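S.K.: My questions all concern the structure below.
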Amino acid sequence: MLHVLVATLERHDLLDDLRATAPATTTFLGARGLEATLERLSRSARIDVVVTDAPEVLMEVYHEIPGALPVYLARADEDAASVLKGLDALLAED
């Protein structure tokens, strides 16, 4: 089972889109904003990867948890299926 934190600043529908597209073996948690993302990460040891729409979230996660957690930066025009493919590729690198 894969646990994904979807941390958005702009694309608030991304979480629902990913849930609708992903296999049932993937669990999604949501966080809106940088502070909510960092709080969620500090409380959950079960997150395997972060998906975000904001470079500042990506940089802050790398700063707070260096090298320990993969982060995927979704483009503004990227659909959920493409994000999931990107996640697969990112996780295959580890």
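The values are calculated or read from the model by the stated rules, or taken from the named source; none is laboratory data. What you see is a predicted model; the values in this text were computed from it and never measured. Heads up: the accessible areas ignore ligands, DNA and RNA and are worked out on the full protein's heavy atoms, side chains in. Shrake-Rupley method; radii C 1.70, N 1.55, O 1.52, S 1.80 Å.
S.K.: Carbon-plus-sulfur fraction of the accessible area of the stretch 51-94, 1.4 Å probe, in percent?
M.R.: With neighbouring chains kept in place, the figure for the stretch 51-94 is 55 percent.
S.K.: Another question about this same structure. Mean separation of Cα pairs under 8 Å and 6+ residues apart, divided by the residue count of the chain: what relative contact order is that in percent? Please report the intermediate quantities before stating the final value.
M.R.: Values: 133 pairs, mean separation 29.0, N = 94.
In percent, rounded to a whole number, it is 31.
S.K.: Right, next: After finding the eigenvalues of the alpha carbon gyration tensor for the chain, what semi-axes result from the square roots of 5 times each, listed largest first in whole Å?
M.R.: The answer is 18, 15, 13 Å, longest axis first.
S.K.: While we're looking at this one, here's another question. On average, how much accessible surface per residue is there in the chain, in Å², for a 1.4 Å probe, leaving out ligands, DNA and RNA?
M.R.: 56 Å²
S.K.: Moving on to the next point. Let me cross-check LEU2: its accessible surface, 1.4 Å probe, with only protein heavy atoms counted, in Å² to the nearest 10?
M.R.: 40 Å²
S.K.: Out of the DSSP beta bridges found with both residues in the stretch 1-54, what percent are antiparallel (nearest 5)?
M.R.: So the antiparallel bridges amount to about 0 percent of the total.
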